[in-house]
1. Just give me the residues in the stretch 34-48 being surrounded by fewer than 20 Cβ atoms within 10 Å (Cβ to Cβ) and among the small types (Gly, Ala, Ser), in sequence order.
2. Name the single residue that is farthest from Phe151 (Cα to Cα) among those in the stretch 65-114 being open to solvent by 10 Å² or more (accessible area, probe 1.4 Å) and of a type in the set (Asp, Glu).
3. I'm checking my understanding of the structure. Among residues of the stretch 90-130 that are closer than 15 Å to Thr71 by Cβ and touching a residue at least 60 places away in the same chain (Cβ under 8 Å), which one is nearest to the chain's Cα centre (by Cα)?
4. Against the definition (in contact with an Asp or Glu (Cβ under 6 Å, 6 or more places away or on another chain), within 25 Å of Ala41 (Cβ to Cβ), of a type in the set (Ser, Thr, Tyr) and at pLDDT 95 or above), how does Thr95 come out, yes or no?
5. Given the criterion on the phi < 0 side of the Ramachandran plot, modelled with pLDDT of 90 or more and in a loop (DSSP other than H, G, I, E, B), identify the matching residue among Asn130, Asn146.
6. Among the residues of the stretch 168-179, how many are open to solvent by less than 50 Å² (accessible area, probe 1.4 Å) and without any contact (Cβ under 8 Å) to a residue 24 or more places away in the chain?
7. What strands (runs of 3 or more DSSP E), lying completely within the stretch 6-85, carry at least 2 residues that are under 13 Å from the mean Cα position of the chain (by Cα)?
8. Give the residue, chosen from Val120, Val138, that is in a strand (DSSP E or B) and at negative phi.
Amino acid sequence: IVVAPNQGLLYVSECGTSTCGGSHGSLLAYDLVHDVVAWIANYTFGVDQMAITPDGSTIYMPHGSDASDGTETIIDASNGKVTGSINTGTNGHNTIVSLDGTQAYLGGYTGSNYNYAHVVNTATNQVILNAGPTINGVRPFTINGNHTLMFTTSTDTCGFQVLSLTTGSVLYTIPFSGSCSWTASNAPSHGISLS
């Protein structure tokens, strides 16, 4: 889910009663002011953990790790219509937009370019930097407020990495010691945030 407070809308990406599998996803916009569904858009591509620009105008929608097209779709947040796409070679899973709305960050853990986080200029919707390579794909990640650093987790990895969003290089790899197993997923370090 994502929220556009200035629009009064909550967005939910969903696959209905079946698994997306990289196709047939949907996006629901819920009007929080009037307590009604504003619209539902159905797509031929899958949906996953999207991000919205701070002004509430644009949604960046990954197609999911089960997709095979290495593409993220750009959606008009006012009506759910597709306005463009970005091909990174990574089957997108997690997405963030910077606080100032100038950059979008696309990550995933499958596809031909999965070991890189992709930085997109939101004015042109072009990839301006590929940061990495990460240990084993990009699972949940976060960025700092002035969007110079990215903190990433990876598949089958206990710990995290710090990537430069200026040079694209890996600055630090921080492993956690001791036992680190999680039967719910192959990403035992699943989630990361900054205070």
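The values are calculated or read from the model by the stated rules, or taken from the named source; none is laboratory data. Fair warning: this is a prediction, and the values are worked out from it, not measured in the lab. Every residue, glycine among them, receives a Cβ derived from its backbone with ideal geometry; neighbour counts consider all protein chains shown. Accessible surface areas use protein heavy atoms only, side chains included; no ligands, DNA or RNA. Shrake-Rupley method; radii C 1.70, N 1.55, O 1.52, S 1.80 Å.
1. Our first condition is that a residue be surrounded by fewer than 20 Cβ atoms within 10 Å (Cβ to Cβ); within the stretch 34-48, this holds for 34-44.
Hits for the stretch 34-48 are Ala38, Ala41.
2. Taking the candidates together, the pick is Asp76.
3. Applying the filter and picking the extreme gives Asn91.
4. On the way: in contact with an Asp or Glu (Cβ under 6 Å, 6 or more places away or on another chain): no; within 25 Å of Ala41 (Cβ to Cβ): yes; of a type in the set (Ser, Thr, Tyr): yes; at pLDDT 95 or above: yes.
No.
5. Details: Asn130 fails: in a loop (DSSP other than H, G, I, E, B).
Sole residue among the options that is on the phi < 0 side of the Ramachandran plot, modelled with pLDDT of 90 or more and in a loop (DSSP other than H, G, I, E, B): Asn146.
6. Matching residues across the stretch 168-179 total 0.
7. Qualifying strands (runs of 3 or more DSSP E): 58-62, 71-76.
8. Values: Val138 fails: in a strand (DSSP E or B).
So the residue among Val120, Val138 that is in a strand (DSSP E or B) and at negative phi is Val120.
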